[in-house]
Amino acid sequence: MPKPRRVALLIDTSTSWGTRLIKGINLFAQQARNWLIHVEPRGRYEHLHIPHGWQGDGVIARINSPALAEEIAAAGLPAVDVSWYRYEGPRIARCTVDDQLTGRMAAEYFLSNGFRQFAYCGPIDRPGYHDGLAEAFSRSLGAAGYACRRYVQPPADAGPPPWDAHLSSLVEWLQSLPRATALLAWGATRGRQVTEACHYAGVPVPDHVAVLGGEYDDLMSNISTPPLSTVDQPAEQVGYAAAQLLERMMAGRKPPAEPVLFPPSRVVVRHSTDTLAVDDPLVREALELIRRKAASGMYVADVARALLVARRTLEQRFIRTIGRTPAAEIRRVRIEEAKRLLIESSCSVAQVARAAGFAQQDLFSRTFRRCVGASPSEFRKYHGGVWQTAAAASPLSDGGS
């Protein structure tokens, strides 16, 4: 039997992201059959450390401070960082979700719903933290001609400050936002705090402020009032790939020069963003109809007929109001439904194509690849609920470890 590899997981166990990462790592460990995992229950903002006296072979960490990065580097062990935390100092191999693509996906989602006012609520301000999500969100909006208001919490020396210590400033900021503002929060916990603050501020969600969390957490999303929409991310696949990378490094291979990045999966829509920021009543009615019926095979002519309007008039008002055609919106809604089915169901690609409103599988596959950048099968390998295909989906897969 191969010599056991002792691996410490310095990952919080209080969030869905952390527990899903560990789930993916554990799948690799079960397949490798020679990993001994050390993990301890930890909160998101607790100080993480390599266990005192622990003699191990490698570390996978959700780095949350420069001090932890320095500690890991000083230990001289192979290590993989699975966080968004960017810091000055020692370079540690990274494997995580692409925060730049996450910010862009959030911006595109809000723009597709007709929003023209935008805001961002970042994480607790921590020394040395560079918020790549905010950067990507603002850059994507800027490319479309829009600005983004930003709330930054006052610095905290250690851990999150008391909720009431900054509630008044957050409430005041939320009250200053114009009606129909689309707000991206750094994570689901931050998003839930925003929806709570909106309650105290007398700011209706989603009618006055639509709130989207930049990181998926099922518990936080569902206990939010109203339930919080979030960007879903393939945490299990990241965990598996991080373990795969660490195994290679423990075997003596050099770490990759660039981070291993996974794209986000999709926006999981709940009530906190279930609104359309569209003034034109015809376009609003058409959008609502498309979202109800696109997957049943509805086409632009059917929309125009149902609304008793000329197709050309409908197309002109769509372009003037939301910057795209009715056909593009139908295609977008069908692709989003296909993504949902690929992730949540075990339907074949042909069944997904039919259920999403595509008459032909070949047309569906071509359209999906053009819009998503991957085939339906590739997308399912990266993001699907049957994530045990993670080995095949991993960017590190080359037939061996």
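The values are calculated or read from the model by the stated rules, or taken from the named source; none is laboratory data. Everything quoted here is computed from the prediction, not taken from an experiment. With ideal geometry, Cβ positions are generated from the backbone for all residues, glycine too; neighbour counts draw on all protein chains shown.
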Next on the checklist: Can you pull out every residue in region 297-331 that is more than 32 Å from the chain's Cα centre (by Cα) and not in a helix (DSSP H, G or I)?
Outcome noted: L307, L308, V309, A310
Item to check | Among the residues listed as I50, I25, the single one being part of a helix (DSSP H, G or I), in the same structural domain as L245 (by TED's automatic domain parsing) and crowded, with 18+ Cβ neighbours inside 10 Å | outcome: I25
Item to check | Lone unmet requirement of (1) buried (at least 17 other Cβ atoms within 10 Å of the Cβ); (2) over 29 Å from S140 (Cα atoms) for S112 | outcome: (2)
Next on the checklist: So if I check each of A235, A136, A156, A188, which one is modelled with pLDDT of 95 or more and not hydroxyl-bearing (S, T, Y)?
Outcome noted: A136
Next on the checklist: With the condition being over 22 Å from L183 (Cα atoms) and touching a strand residue (DSSP E or B) at 6+ places or on another chain (Cβ under 8 Å), I'd like the strands (runs of 3 or more DSSP E) fully within region 218-296 carrying at least 2 qualifying residues.
Outcome noted: 260-262
Item to check | A69, sole failed condition from (1) crowded, with 22+ Cβ neighbours inside 10 Å; (2) in contact (Cβ under 8 Å) with a residue 24 or more places away in the chain; (3) more than 27 Å from L167 (Cβ to Cβ) | outcome: (2)
Item to check | Subset of region 183-209 (residues that are buried (at least 17 other Cβ atoms within 10 Å of the Cβ) and not in a helix (DSSP H, G or I)) | outcome: L183, L184, A185, W186, G187, V203, V205, P206, H208, V209
Item to check | Only one of A210, A241 that is assigned by TED's automatic domain parsing to the domain that holds A136 and more than 13 Å from the chain's Cα centre (by Cα) | outcome: A210
Checklist outcome for this item: Within region 36-62, residues of a type in the set (A, V, I, L, M, F, W, C) and touching a residue at least 40 places away in the same chain (Cβ under 8 Å) come out as I50, W54, V59, I60, A61
Item to check | Among (1) at pLDDT below 90; (2) outside any loop (DSSP other than H, G, I, E, B), the one test that D398 misses | outcome: (2)
Checklist outcome for this item: R354 fails exactly one of (1) loosely packed, with under 14 Cβ neighbours inside 10 Å; (2) modelled with pLDDT of 80 or more, namely (1)
Next on the checklist: Suppose we filter A180, A257 for residues that are under 22 Å from M105 (Cα atoms), more than 20 Å from the chain's Cα centre (by Cα) and either charged (D, E, K, R) or surrounded by fewer than 21 Cβ atoms within 10 Å (Cβ to Cβ) (or both); which single one remains?
Outcome noted: A180
Next on the checklist: Is it the case, given these coordinates, that I72 is among the aliphatic types (A, V, I, L, M), outside the structural domain of Y146 (by TED's automatic domain parsing) and outside any helix (DSSP H, G or I)?
Outcome noted: no
Next on the checklist: Quick test for you: out of W35, W84, pick the one residue that is under 17 Å from I11 (Cβ atoms) and modelled with pLDDT under 90.
Outcome noted: W84
